[in-house]
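Engineer: I'd like to ask you about the structure that follows.
The values are calculated or read from the model by the stated rules, or taken from the named source; none is laboratory data. Everything numeric in this text was worked out from a predicted model, so none of it was measured. Glycine gets a Cβ as well: all are built from the backbone with ideal geometry, and neighbour counts include every protein chain shown.
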Amino acid sequence: MANQQPEAVIVDGARIPFQRSGTGYKKLMSYDLGRMAIEGLIGRANISPEMIDRVIMGTVIQDVNTSNVARESALGAGLPNRIPAHTVTQACISSNQATSSAVDLVRSGQAKVVLAGGTETMSDIPIRFRRKFRQKLLDARKYKSLSDWLSFFKGLRPSHLLPEIPEIAEFSTGETMGESCDRMAAHFGISRKAQDEYSLRSHQLAAKATNEGLLDQELLPAAVPPDFEVIQQDNGFREDTSMEKLQKLSPAFIKPHGTITAGNSSFLTDGASASLIMEAETARKLGCTPKAYLREYTFVAQDPKDELLLGPAYATPQVLDRMGLALSDIDIFEFHEAFAGQILTVLKALNSDKFAREKLDKDKKVGDIPMDKFNCWGGSLSLGHPFGATGTRLVTTAANRLHHEDGQLALVAACAAGGQGHAMILERYEG
């Protein structure tokens, strides 16, 4: 008789406070942020670092000096050097993939304790010379004579010396995420007013959750070198924002008639997150009390031109069907907020019979998500979105909300560049 598959649980999850890029962490590498998140989580965990079998972290914009930032962050945090570590990248769902990979390792019996998380800095992105000048520099390594060096400037123009700054755009389409969202929102009839109202909601809920201490259990104080001043909370949410302020902002991408603005978009953010994923029986033996079972998950992909940010609308019904559930069975919803227009489009698609028939091959709509269960402690629009770290934040917040709100099931979902998406279901752990 086959052995029952091991169950994966999240025992704990946390993050250093998310900071707007160019502020609290502007002098740090993503390695530093990842190290602080790992140190903070392990420091409060009821286990020895020796128990960790694997480290997996997500990141998007890699520093060539720390290309496997999971390994460097783990070593920097003082974890035993015998623990294998690898870095995953899947745009905005990179740490969702780190968490899912941890679940797979536990279920397959390859690991009993996995540290999964993510890290990202947008304060110090890699800026390159242009290709012509890069090639000259590489060729120069082979120069031997004076004539070789004199030929260095042959064919070079002043424009070749200009920096090449990365752009947040789709390689396959050349279109920025904001432009794509603007078109998508227009196609689904999402108004500027509705987007600003949703953004205001996100900022107000983040401020409320922060002021009431609801986020305290997921926040790790970050002592920032060289002065080691301690950062205690996120600095991205705008407690004093209003519809009047949001409505004054100009379109950011499609001008003059677009509806996506800086106020209803997630902002460039630095941050890191970490979680401990364990085999359930191992957690019990170690005396740890898990927060939630990590049940079913899925990843999807669709057209990056017209459906770049619709991933959650495709992933949500898949993960519900795999568990035989309906939206009405879910108590807690934590969705990544790339843009207010993106979130409202996803919610409208899930509640559309037409979308269900044409895109999901279903007879009727997936359903309506009650807003009193949705992103109740703020979201990426207000808390921030460090690309590689957001997924672990979503899972951590969902697990914490299950206990705070006495819920049974939580659904996490996120969109990502490349027209990809993710969804995962958590079930509250009952000791």
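Results for (1) in contact with a Lys or Arg (Cβ under 9 Å, 6 or more places away or on another chain); (2) buried (at least 18 other Cβ atoms within 10 Å of the Cβ); (3) closer than 26 Å to N235 by Cβ, shown as yes or no for each residue.
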position: K359; (1), (2), (3): no, no, no
position: L383; (1), (2), (3): yes, yes, yes
position: T390; (1), (2), (3): no, yes, yes
position: H422; (1), (2), (3): no, yes, no
position: E427; (1), (2), (3): yes, yes, no
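Engineer: Please go through the range 36-52 and give me each residue that is surrounded by fewer than 19 Cβ atoms within 10 Å (Cβ to Cβ) and of a type in the set (D, E, K, R), ordered by number. Walk me through how you get there before you give the answer.
Structural biologist: Residues of the range 36-52 that are surrounded by fewer than 19 Cβ atoms within 10 Å (Cβ to Cβ), as a first pass: 43-44, 46-51.
Result: R44, E50.
Here's the yes/no breakdown for (1) at pLDDT 95 or above; (2) out of contact with any Leu (no Cβ under 9 Å at 6 or more places or on another chain):
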position: E175; (1), (2): no, no
position: G178; (1), (2): no, yes
position: A185; (1), (2): yes, no
position: F188; (1), (2): yes, no
position: K193; (1), (2): yes, yes
position: D196; (1), (2): yes, no
position: L200; (1), (2): yes, no
position: N211; (1), (2): yes, yes
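Engineer: Do you know which residues across the range 236-264 are out of contact with any Asp or Glu (no Cβ under 9 Å at 6 or more places or on another chain) and surrounded by 16 or more Cβ atoms within 10 Å (Cβ to Cβ)?
Structural biologist: Matches in the range 236-264: G236, F237, R238, T241.
Engineer: Report yes if some residue within the range 234-253 is within 22 Å of S21 (Cα to Cα) and β-branched (V, I, T); otherwise report no.
Structural biologist: Yes, the range 234-253 has at least one match.
Engineer: Give the residues of the range 83-92 that are of a type outside the set (G, A, S) and under 18 Å from L276 (Cα atoms), sorted by residue number. Steps first, please.
Structural biologist: Narrowing the range 83-92 to residues of a type outside the set (G, A, S): 83-84, 86-90, 92.
Scanning the range 83-92 gives I83, P84, H86, T87, V88.
Engineer: Turning to a different aspect of this structure: Can you name the condition, by its number, that I330 falls short on among (1) within 24 Å of the chain's Cα centre (by Cα); (2) surrounded by fewer than 18 Cβ atoms within 10 Å (Cβ to Cβ)?
Structural biologist: Result: I330 passes all but (2).
Engineer: Among the residues in the range 43-51, are any on the phi < 0 side of the Ramachandran plot and under 21 Å from the mean Cα position of the chain (by Cα)?
Structural biologist: No, the range 43-51 has no match at all.
Engineer: Continuing with this model, one more query. Mind checking which residues of the range 142-177 are exposed (fewer than 11 other Cβ atoms within 10 Å of the Cβ) and over 30 Å from V60 (Cβ atoms)?
Structural biologist: K142, K144, S145, L146, S147, L150, F153, K154, G155, P158
Engineer: Then there's this: Output the residues belonging to the range 92-131 that are assigned to a helix (DSSP H, G or I) and charged (D, E, K, R). Break it down into steps so the answer makes sense when it comes.
Structural biologist: Residues of the range 92-131 assigned to a helix (DSSP H, G or I): 94-107, 131.
Hits for the range 92-131 are D104, R107, R131.
Engineer: Looking at the range 345-362, is at least one residue closer than 16 Å to S265 by Cβ, touching a Phe, Trp or Tyr at 6+ places or on another chain (Cβ under 6 Å) and either touching a residue at least 24 places away in the same chain (Cβ under 8 Å) or charged (D, E, K, R) (or both)?
Structural biologist: Within the range 345-362, one or more residues are closer than 16 Å to S265 by Cβ, touching a Phe, Trp or Tyr at 6+ places or on another chain (Cβ under 6 Å) and either touching a residue at least 24 places away in the same chain (Cβ under 8 Å) or charged (D, E, K, R) (or both).
Residue-wise test of (1) of a type in the set (S, T, N, Q); (2) out of contact with any helix residue (DSSP H, G or I) (no Cβ under 7 Å at 6 or more places or on another chain).
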| residue | (1), (2) |
| --- | --- |
| M51 | no, yes |
| I56 | no, no |
| T59 | yes, no |
| D104 | no, yes |
| K112 | no, no |
| L150 | no, yes |
